[in-house]
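What follows is a set of notes on a single structure, which appears directly below.
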Amino acid sequence: MDYYSVIGMAIRKLPAELAHDAAIRALKLGIIPSSHAVNHPMLKSRCFDLDFNNPVGLAAGFDKNAEVVDGLLAQGFGFVEAGTVTPLPQSGNMKPRLFRLAEDEAVINRFGFNSHGIHVFAQNIKKHKKNGIIGANIGKNKDSLNAVYDYSVALEAVYDLVDYVTINISSPNTVGLRDLQQKNTLSALMLEIEKKRIELALITKKRKPLLYKIAPDLSQQDMEDIVEVALAHKIDGLIVTNTTISRPEHLQSKNRNERGGLSGKPLFALSTQTLRDIYRLSHGKIPLIGVGGISSAEDAYTKIKAGASLVQLYTALVYQGFGLVREINEGLIKLLERDGFHNIKEAVGIENK
Ligand SMILES: Cc1cc2nc3c(=O)[nH]c(=O)nc-3n(C[C@H](O)[C@H](O)[C@H](O)COP(=O)(O)O)c2cc1C
């Protein structure tokens, strides 16, 4: 076993949140070796007017304060989404708030947007070389009475610093946040955010893509409404999905009844079905990022065939380490070749065609 596997194993022995903090520190110190990104024409695609070297991204929540985006990009990701960041600093919920469900290859978290605030986030982003695509995932402060104001403030602060911005309306750990997915509220939010973007585009002379991240715990009606509103407002894309508040019966771990959002393997079926539904309801007209329970190239490929133009992951990295990024990209090339595709774009949503 090499030195770096030993570091990875040591980190995994720590309590969950300490392990996460240790991983961030190790990335800062540069003691996690970088991995040459898989560079292959089959994996390259253009989405939201951005050129992605490969379709595998890091999901929001790992680097909430944009401290290590360079180190993360060096792990071979096609893109890294930092955040969720809130306008003002806030400490989040009381610890413990992160739980491993090792038997289920899952995690439950109830962080509640612990964030150093948008000012620190922006300062951190400015320090990076940004050798790749970076997104900022923005949220609202717990005590804020005006979500639209919070998103506008955060959007303005990061607009010129990142390649795309995600409006997080689906974390289960901020009271009322997911209500923003309701039709009228969502429509009003999208209208205001679009106004802000037009203003920022005029100032910066750049039109940055804006994505919305949705939950897996939506009814058929909710999904129809979201698609209708998203098409009407011509949003750039949806990220499908965040963690779930549901608890599949087959969970084994003693931590299964902890409050919060469940991610990892037990989320795969639910989030993939949501992705499939959204793709079908929108007739493939909204670019989608598929996230939830991806732990192999086959999983990533299933999401792509269900309608994802790009994918993201987080929880599987806790159990398998960053080597998984390369494994998924290499595996995807083989799967695309096996099925006679020349480029990933050809496989997007293929199971619906
Ligand atoms: C510890 C943890 C913290 C997270 N924090 C955020 C967050 O701040 N914002 C967000 O949009 N999603 C957050 N997520 C959700 C992930 O981005 C992702 O949508 C979800 O975990 C499903 O993917 P996975 O099964 O590959 O982990 C978090 C997930 C985990 C496990």
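The values are calculated or read from the model by the stated rules, or taken from the named source; none is laboratory data. Quick caveat, the model's predicted, so the values are computed rather than measured. Don't worry about glycine lacking a Cβ; one is built from the backbone with ideal geometry, like all the others, and counts go over all protein chains shown.
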Count - residues of region 261-277 that are near the ligand (Cβ under 10 Å from one of its atoms) and of a type in the set (A, V, I, L, M): 2
Residue pairs meeting the criteria (Cβ under 7 Å; at least 6 apart or on separate chains; first aromatic (Phe, Trp, Tyr), in region 259-283; second part of a strand (DSSP E or B) and more than 9 Å from the ligand (Cβ to nearest atom)): TYR279/LEU288
Checking GLU156 against (1) surrounded by fewer than 19 Cβ atoms within 10 Å (Cβ to Cβ); (2) in contact with a Gly (Cβ under 8 Å, 6 or more places away or on another chain), the condition it does not meet: (2)
The lone exception for ASP299 - which of (1) under 28 Å from ILE235 (Cα atoms); (2) of a type in the set (D, E, K, R); (3) away from the ligand (no atom under 16 Å from the Cβ) it fails: (3)
Strands (runs of 3 or more DSSP E) fully within region 4-67 counting 3 or more residues that are of a type in the set (Asp, Glu), touching an Asp or Glu at 6+ places or on another chain (Cβ under 7 Å) and assigned by TED's automatic domain parsing to the domain that holds GLU330: none
Checklist (1) under 26 Å from ALA82 (Cβ atoms); (2) assigned to a helix (DSSP H, G or I); (3) aliphatic (A, V, I, L, M) applied to LEU336, failing item: (1)
Which listed residue, of PHE113, PHE79, is buried (at least 19 other Cβ atoms within 10 Å of the Cβ), of a type in the set (Phe, Trp, Tyr) and within 10 Å of the ligand (Cβ to nearest atom): PHE113
Check on VAL69, under 20 Å from the mean Cα position of the chain (by Cα) and either within 12 Å of the ligand (Cβ to nearest atom) or surrounded by fewer than 24 Cβ atoms within 10 Å (Cβ to Cβ) (or both): no
The lone exception for LEU98 - which of (1) within 12 Å of the ligand (Cβ to nearest atom); (2) closer than 18 Å to ILE167 by Cβ it fails: (2)
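Table: residues versus (1) in a loop (DSSP other than H, G, I, E, B); (2) touching a residue at least 60 places away in the same chain (Cβ under 8 Å); (3) more than 30 Å from MET42 (Cα to Cα).
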{"residue": "PHE77", "(1), (2), (3)": "yes, yes, no"}
{"residue": "PRO87", "(1), (2), (3)": "yes, yes, yes"}
{"residue": "LYS126", "(1), (2), (3)": "no, no, yes"}
{"residue": "LYS129", "(1), (2), (3)": "yes, no, no"}
{"residue": "SER144", "(1), (2), (3)": "yes, no, yes"}
Enumeration of residues in region 278-293 that are of a type in the set (A, V, I, L, M), closer than 24 Å to VAL80 by Cα and more than 16 Å from the ligand (Cβ to nearest atom): ILE286
Selection from region 252-270 of residues that are buried (at least 18 other Cβ atoms within 10 Å of the Cβ) and hydrophobic (A, V, I, L, M, F, W, C): LEU262, LEU267, PHE268, LEU270
